[in-house]
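Notes follow the structure.
No lab work stands behind these numbers, since they all come straight from the coordinates. Quantities reported herein were computed from a predicted structural model and do not represent experimental measurements. Heads up, the Cβs are rebuilt from the backbone with ideal geometry, glycines too, and the neighbour counts pull from every protein chain shown.
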Amino acid sequence: MSGYGSNRAMLVIGVIGNDIHVVANRVLEICLKDAGFRFINLGTNSMPEDFADAALEVAADAVLIGSLNGEAPHWCRNIRNLFRERGLDRIIIYLGGNVVTGELPHAEVEALFKGLGIDRVYYGATDFDEMISALRKDLNGRAT
Amino acid sequence: MGAPRSDLDLEAIGKLRARLLGTAPTDPPELGSAVEYLANLSDAVFASVTLAKPRSRPLIQPRGGFARFQDQRALTLTLARAGADFIPLTIDSHTRHNDYETAAVLLERSELEDKNFLNGYPLVNHGYKLSRKLYQGVGKPISLRHGTPDARLLVEVALATGITEIEGGALTYTLPYTRGYPLARSLMNWQYCDRLCAMLSAPKRPIHRESFGVLTATLVPPVTVAVVEVCELLLAAEQGVRSFAVSFAQTGSITQDLALAGVLREATHDYLARFGFRDVSVHLVYHQWMGAFPREYVRAAALIATSAQIAALIGADKVVTKTKEEARGIPHPDSNAEAVAMVRYVLEHLPLPAAPIGGKEVEIEASRIRRELDMIMDAIFDLPTEEFWRSVALAFERGIIDVPFAPHEGNLNAVLTLRGRGNGIYITDPGRMPLTGDVLEEEKAALAERRKERPEETLFASLMHDIELMMR
């Protein structure tokens, strides 16, 4: 699989950290397939470096990181750097799921992860249809 | 063709056993510990004996496991008093992954801080000598509930403890529970477990094995459940198991529950006969709703009570209960006892009909599931291997067995299902399941009714609706 030699965007998706929550990941996989995206799914229990390495290997345009156990602040603390180190300066990074423990105001959660270099944050129940429209927009913006 | 064989040479696994038993961290059992202990137990504690008796209602089994001995003992007594027919011993997740060291650390911490740091009872760490005391004076069969791809040592210790029902199987305890445990290894480990159960079985009171047809409890189509259950039954029968239960979880459609129960009853009988297995008793276990559970107590209780009634309607031999705390975590023993009492109340006051409940819709559904099951089983038997267990491994590799939402990285994830007619689970894309012709048309027709009702719904909205069916 490779992102080279195609006009269509290539994505990497997966669930970060020691996190076995699989259902949302599979639902996302089904929806991306249905929406015609090319992607690789790292599945559950994927380390931050796995996302960066995979993105490099398949020449990904965007990375969609899931986190369901509330540990995202820990696992994403250096995430933008990992991609930069591999020369992927312009890659789009989304984070979604139960990204913090307890309940926090959305604005606070968004600010936290945007500060870590994440482009869009989907906290709590997420409409994947909306997320996919945003992704198309961001990918188009990036192409020009 | 790797057909199941009833003439396998059940050579002694003594040497392997001795080595394995020596690795137990606490009170390594002797080769004869289990046999000797089991021989002196009363008939009443044998699951196979209890299941073989005629009865007017499904038997009741809750779930439950705590880290510390005294908590597990208290839970056991509470559940027995509440009217549970089977007493569960649910094992913690570190033991399930053979990580006895972490289990030991967290057990010690639980004891020091007077708080549960494990989500079940670490049986291997407690050892059989202490664990036998859990069941003094209880007089009911104990069921081992876990989720372990390599359960060899755990089953050894369980049998030495006097536990007479062992849940699990290579497919059902690997695909939903692990990300990458190789299925071929799990198949070999479970051959050991099955054979051990067979070896320690007395003719009139065999050790009972039970499969876990629940799988991921997330939009798993009935045929996938049926295929997996028939495979695990045949794998166990090959190793000499004489008392076995197939199981499935409430689907969300009473029609489909009735149909699947009927198919499982008939097909297990047919496939055993086809391969020359005689004298295997097969039972049917129904799991109350295993999907996303409502948080509201009133809704949870309604679901539990209704599901108890369905267990009776489908003629289940045993029902595995949920509690109103399901959405919130591990239930308090009192809440668990309350659920047992609630289910018992329903079952005792609304007894089984004399004849199975059916009707045309159930027949249509059952006929399709059975044809699908036979197509897939034929494809598995036709795979180019010499042994049945290898065919099962290859079938998984090729996506012939493909379990929706299984976390296992070897799972193909090509099957797509949605809810259709009467909230039943139907196949929109069979992936590489070898289903052809009429059955796929019938699946589509059952889905068309739903599309008519909700024409604008996106795939995402449909999936979320269907997964969260009971939370809406």
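With neighbours defined as other Cβ atoms within 10 Å of a residue's Cβ, the residues B:His465, B:His126 order from fewest to most as B:His465, B:His126.
Think of each Lys and Arg Cβ as +1 and each Asp and Glu Cβ as -1; about the Cα centre, that makes the dipole of the protein assembly as shown roughly 780 debye.
Shown is the FRET efficiency for B:His269 and B:Gln70, computed with R0 = 45 Å from the Cβ-Cβ distance and rounded to the nearest 0.05: 0.55. Legend: ranking of residues B:Glu363, B:Glu372 from fewest to most surrounding C-beta atoms inside 10 Å; resulting order B:Glu363, B:Glu372. Where Lys and Arg each count +1 and Asp and Glu each count -1, what net charge lies around B:Gly2 among other residues with Cβ under 10 Å from its Cβ? Charge balance in the 10 Å sphere: -1.
Let me make sure I get this right: for chain A, a, b and c are the square roots of the gyration tensor eigenvalues over alpha carbons, sorted descending. Under 1.5 in a/c it's rounded, otherwise prolate if a/b > b/c, else oblate. Which is it? It is rounded, given that a/c, with a ≥ b ≥ c, falls under 1.5. Relative to the longest principal axis of the Cα atoms of chain B, helix B:100-113 runs at roughly 70 degrees.
Only Lys, Arg, Asp and Glu carry charge here, each on its Cβ (+1 for the first two, -1 for the last two); on that basis the range B:14-349 has a dipole of about 340 debye about its Cα centre. In chain B, the calculated helix contribution to ellipticity at 222 nm averages -14500 deg cm²/dmol per residue, counting -39,500 (n - 2.57) for every DSSP H run with n ≥ 4.
Length gained on full extension, B:Ala461 to B:Ser367, computed as 0.36 nm times the residue gap minus the Cα-Cα distance: 30.8 nm.
Between A:Asn7, A:Gly17, A:Ala52, the Cα set farthest toward the positive side of the dipole of the range A:1-83 (charges on each charged residue's Cβ, about the Cα centre) is that of A:Asn7.
By the count of neighbouring beta-carbon atoms within 10 Å, fewest first, B:Ser201, B:Ser42 end up ordered B:Ser42, B:Ser201. The residue among B:Leu394, B:Ile357, A:Ile93 whose Cα reaches farthest toward the positive pole of the charge dipole of the protein assembly as shown, with charges on the beta-carbon of Lys, Arg, Asp and Glu, is B:Ile357.
In chain B, the longest principal axis of the Cα atoms and the axis of helix B:388-397 are about 60 degrees apart. For chain B, the number of Lys pairs separated by eight or more positions or lying on different chains, with C-alpha atoms closer than 20 Å, is 9.
Helix B:333-349 and the long axis of chain B differ in direction by around 60°, with both axes built from C-alpha atoms. Of all beta bridges that DSSP places with both ends in chain B, some 15 percent have antiparallel geometry. Simple rule: put +1 on each Lys or Arg Cβ and -1 on each Asp or Glu Cβ in the range B:14-349, find the dipole, and look at B:Pro203, B:Leu144, B:Gly262; the Cα lying farthest toward the positive end is B:Pro203. What shape does the range B:14-349 have by the C-alpha gyration tensor, where a ≥ b ≥ c are the square roots of the eigenvalues, rounded means a/c under 1.5, and otherwise prolate means a/b greater than b/c and oblate the rest? It is rounded, given that a/c, with a ≥ b ≥ c, falls under 1.5.
Based on the reciprocal of the average 1/r between different C-alpha atoms, the Kirkwood radius for the protein assembly as shown equals 25.5 Å. The loop-placed GluC sites (Glu not before Pro) in the range A:55-129, going by DSSP, that have at most 10 neighbouring Cβ atoms within 10 Å of their Cβ come out as A:Glu103.
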